[in-house]
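Below is one structure, written out as structure tokens; comments come after it.
The values are calculated or read from the model by the stated rules, or taken from the named source; none is laboratory data. Everything numeric in this text was worked out from a predicted model, so none of it was measured. Heads up, the Cβs are rebuilt from the backbone with ideal geometry, glycines too, and the neighbour counts pull from every protein chain shown.
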Amino acid sequence: MNNVPMTLPELMLAEHDTPFGHSSTFLELDDGRILHWAGHQRTHSDDGGLTWSPPEPVNDAEGRPVGGAETSLVRLSEPGAVGLAARITGEQGERGDATWPLPPRDLYMMFWRSDDGGHTWKPPVRISAPGTATAGYQDTFLRTRSGRIVLPVFHTLGQKSSLNDGTRPICGKLLDNQFVPVGAHDFDPKYSCVYVLYSDDEGRTWQRNADGELLILMDWSALYSYCNECSVAEVSSGRLLLMMRNGLGRLFQAWSNDNGQTWTRPQATVLAASTGPPQIRTLPNGHLLCVWSQESEQEIQRGYARTRLSSAISRNGGSVWEFFQNVHSLHETTRVEPGPIRPVRPAETYLPAGQPATERPAEHIVGVDEHTRWCYPSVLVMKDRVIIAHTYSRFDPHPTRAELVRHGVGENNQKLKVLPLAWFYGGREPADNPYLQEAYQPAKP
């Protein structure tokens, strides 16, 4: 079976090239239409994602743009009511009116409400507290069975200066004997940690989880690692699973047994990952779907971060993951085994002229004939299909100048795929695995 650029492409219902990057969020409305939001624009689909209306900008009742970066849509309880969250910078909002000390770059989350399916919008309310820069990841709102609205977000903090006040390295590789950048935030000096916002009154007021920020603790009072850009799903009534991005070679997870009020310490999963964010969803049959950037430690070291966007299914609540598929990939393999839990970065690094070069492991310094990147999935689960939108860019030589051009910047830079549920099970009809339901039960004589 050929899994490049995707597994079972013949099962795909539709594919679109769009200009929305990683700003898309989706919601199935009461009348069956799909509302899509990206930045300050909306589009609709009346046929399950097969075709879409042209994008149109949207303003609220005061004439200000609705939305921003990292948008997320959520259904509210009243018929036709819709909520939207987005990240705003201080320059766009209330920074000039603030009476509290703000961080150098004020980031915060806002919430808009529509009572007519996204046609008109009320002015927004701020939902993250002042004083700490807060950001999110697009398409991550969750409405739990109790009606609670949950939005995972993250803090960023720390100095921008690099290690020992030096210059931050860059990562790259030679593509057709020309330099191309690879990786993302591999040498970021700032720190980040996750927390959870939730509302029990349809977004009018907001609270945050009661047990503090979620961060990866590697050793008592000594070694910590960042985590950020996360997604959340409800595994069973009141039991939530949060998946988060980090730089340790695999996805990390945290669990809540009280509808998002408190959480376990982040812990490693068995899913290999580069520094890209995941989306986690519950399917109509109760199985879990994860879509994420899956790479092995060796692939990351060789500069292949974000070159395989994967999906996998868990039929036992997040313990065992099966049916690994390539949503879009530069590689044939669909499943890779994670390496040790440790920082992993591309090996081919460079410092500015005049500074000494670093030692580099020769086995990971490889030239290639092709390089592409896809990541940051948005995922809508419907009764009989799933819509996945993800960034898409490729690097090609310029026809007249000796330089590489990253296609997708300023043009179509997203792929939107409509896939039947059976695609995520390798073309099989979804079904439970009886053994997985019994595997952790006490042994019987």
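Of (1) surrounded by 10 or more Cβ atoms within 10 Å (Cβ to Cβ); (2) at pLDDT 90 or above; (3) out of contact with any Phe, Trp or Tyr (no Cβ under 9 Å at 6 or more places or on another chain), Glu429 satisfies all except one. Which?
Exception for Glu429: condition (1).
Within the bounds of region 271-283, is there any residue that is hydroxyl-bearing (Ser, Thr, Tyr), within 30 Å of Val366 (Cα to Cα) and in contact with a Cys (Cβ under 6 Å, 6 or more places away or on another chain)? Give the steps one after another, and end with the answer.
Initial filter on region 271-283 (hydroxyl-bearing (Ser, Thr, Tyr)): 274-275, 282.
Those still in the list that are within 30 Å of Val366 (Cα to Cα) too: 274-275.
Among the residues that remain, those that are also in contact with a Cys (Cβ under 6 Å, 6 or more places away or on another chain) are: none.
No, region 271-283 has no match at all.
Could you check how many residues of region 344-396 are modelled with pLDDT of 95 or more, within 16 Å of Arg306 (Cβ to Cβ) and part of a strand (DSSP E or B)?
Residues in region 344-396 being modelled with pLDDT of 95 or more, within 16 Å of Arg306 (Cβ to Cβ) and part of a strand (DSSP E or B): 5 in total.
If I ask for residues that are modelled with pLDDT under 85 and either farther than 25 Å from Leu8 by Cβ or touching a helix residue (DSSP H, G or I) at 6+ places or on another chain (Cβ under 9 Å) (or both), which ones from region 407-426 would you list?
His407, Val409, Gly410, Glu411
Take region 232-278 and flag every residue that is part of a strand (DSSP E or B), hydroxyl-bearing (Ser, Thr, Tyr) and under 18 Å from Ser199 (Cβ atoms). It would help to see each step written out before you state the result.
Filtering region 232-278 for residues part of a strand (DSSP E or B) gives 232-236, 239-245, 250-256, 267-272.
Narrowing further to those that are hydroxyl-bearing (Ser, Thr, Tyr): 236, 256, 269.
Selection gives Ser256 alone.
hydroxyl-bearing (Ser, Thr, Tyr), modelled with pLDDT of 95 or more and closer than 25 Å to Val379 by Cα: which single residue out of Thr205, Thr144 fits that description? Talk me through it step by step, then tell me what you get.
Values: Thr205 fails: closer than 25 Å to Val379 by Cα.
Thr144 is the lone residue from the list that is hydroxyl-bearing (Ser, Thr, Tyr), modelled with pLDDT of 95 or more and closer than 25 Å to Val379 by Cα.
Could you go through region 284-296 and let me know if any residue there is aliphatic (A, V, I, L, M) and either more than 21 Å from Ala422 (Cα to Cα) or not in a strand (DSSP E or B) (or both).
Step one: filter region 284-296 for residues aliphatic (A, V, I, L, M), giving 288-289, 291.
Then keep just the ones that are either more than 21 Å from Ala422 (Cα to Cα) or not in a strand (DSSP E or B) (or both); that gives none.
No - not one qualifying residue is present in region 284-296.
Suppose we filter Thr156, Thr132 for residues that are in a loop (DSSP other than H, G, I, E, B) and out of contact with any Asp or Glu (no Cβ under 6 Å at 6 or more places or on another chain); which single one remains? Steps first, answer last, please.
Details: Thr156 fails: in a loop (DSSP other than H, G, I, E, B).
Of Thr156, Thr132, the one residue that is in a loop (DSSP other than H, G, I, E, B) and out of contact with any Asp or Glu (no Cβ under 6 Å at 6 or more places or on another chain) is Thr132.
Please identify the pairs in which a residue from region 315-328 that is under 20 Å from Pro284 (Cβ atoms) has its Cβ atom under 8 Å from the Cβ atom of a residue that is acidic (Asp, Glu), counting only partners at least 6 apart or on another chain.
Arg315/Glu322; Arg315/Asp432
Scan region 205-221 and report the pairs whose first residue is closer than 21 Å to Ser231 by Cα and among the charged types (D, E, K, R) and whose second residue is modelled with pLDDT of 95 or more and part of a strand (DSSP E or B), with Cβ atoms within less than 8 Å and a gap of 6+ or a chain change.
Listed by first residue and then by second, the contacts come to Arg208/Tyr195; Arg208/Val196; Arg208/Leu197; Arg208/Tyr198; Glu213/Cys193; Glu213/Val194; Glu213/Tyr195.
Residue check: is Asp116 loosely packed, with under 15 Cβ neighbours inside 10 Å, of a type in the set (D, E, K, R), more than 27 Å from the chain's Cα centre (by Cα) and at pLDDT 95 or above? Step through it out loud before you land on a result.
On the way: loosely packed, with under 15 Cβ neighbours inside 10 Å: yes; of a type in the set (D, E, K, R): yes; more than 27 Å from the chain's Cα centre (by Cα): yes; at pLDDT 95 or above: yes.
So Asp116 fits the description; yes.
Could you list, in sequence order, all residues of region 203-229 that are polar (S, T, N, Q) and closer than 19 Å to Ile149 by Cα?
Residues of region 203-229 that are polar (S, T, N, Q), as a first pass: 205, 207, 209, 221, 225, 228.
Result: Thr205, Gln207, Asn209.
Could you tell me whether region 327-336 includes any residue that is within 30 Å of Val418 (Cα to Cα), within 18 Å of the chain's Cα centre (by Cα), β-branched (Val, Ile, Thr) and in a loop (DSSP other than H, G, I, E, B)? First the steps, then the outcome.
Step one: list which residues in region 327-336 are within 30 Å of Val418 (Cα to Cα), which gives 327-336.
Then drop every residue that is not within 18 Å of the chain's Cα centre (by Cα), which leaves 327-329.
From what's left, β-branched (Val, Ile, Thr): 327.
Okay, now just the ones that are also in a loop (DSSP other than H, G, I, E, B), so none.
For region 327-336, residues within 30 Å of Val418 (Cα to Cα), within 18 Å of the chain's Cα centre (by Cα), β-branched (Val, Ile, Thr) and in a loop (DSSP other than H, G, I, E, B): absent.
With the structure loaded, tell me whether Asp211 is out of contact with any helix residue (DSSP H, G or I) (no Cβ under 9 Å at 6 or more places or on another chain), within 29 Å of Thr391 (Cβ to Cβ) and either in a loop (DSSP other than H, G, I, E, B) or among the acidic types (Asp, Glu) (or both) or whether it fails that test.
In short, no.
Looking at (1) surrounded by 15 or more Cβ atoms within 10 Å (Cβ to Cβ); (2) among the polar types (S, T, N, Q); (3) without any contact (Cβ under 8 Å) to a residue 40 or more places away in the chain, which is the only condition Gln441 fails?
Exception for Gln441: condition (1).
Residue check: is Gly158 within 19 Å of Leu214 (Cα to Cα), of a type outside the set (Asp, Glu) and surrounded by fewer than 17 Cβ atoms within 10 Å (Cβ to Cβ)? Show your work before the answer.
Details: within 19 Å of Leu214 (Cα to Cα): yes; of a type outside the set (Asp, Glu): yes; surrounded by fewer than 17 Cβ atoms within 10 Å (Cβ to Cβ): yes.
The answer is yes for Gly158.
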